[in-house]
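Worksheet for the structure shown next.
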Amino acid sequence: MNSGTYETVDSTLIVRPLTAKTPEYVGGRATYIFHVEGDRLRLELLDTFAHDGTEDQGIARYERRFGCAESSRDRRQPTGRALAAGG
């Protein structure tokens, strides 16, 4: 888990970790585009940089649905799932 600061500008989320499970990421930055559609939050990673400026070439997309009415379990515990690139 990471912890730190963030800022949003329009639909861009910029995260700056103060603690991270990967030490190189502390002092770095990640930039995401986010979309909220009804009860869904989608994040798409644009870039990630370590504290020394090294760019991580990873690709990540994530979707989380809140308040799902499919079952009582889903209402209590929102579900999240990683999306394949292009999905």
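The values are calculated or read from the model by the stated rules, or taken from the named source; none is laboratory data. Every value quoted in this text rests on a predicted model; they were computed, and no experiment measured them. Every residue, glycine among them, receives a Cβ derived from its backbone with ideal geometry; neighbour counts consider all protein chains shown.
Quick one: how many residues across region 50-87 are part of a strand (DSSP E or B) and modelled with pLDDT under 70? So that I can check it myself, show each step before the final result.
Initially, region 50-87 is screened for residues part of a strand (DSSP E or B), giving 55-56, 61-65, 79-83.
Still in the running and modelled with pLDDT under 70: 79-83.
Total satisfying the criteria: 5.
With respect to being in a strand (DSSP E or B), acidic (D, E) and touching an Asp or Glu at 6+ places or on another chain (Cβ under 8 Å), D47 fits the description.
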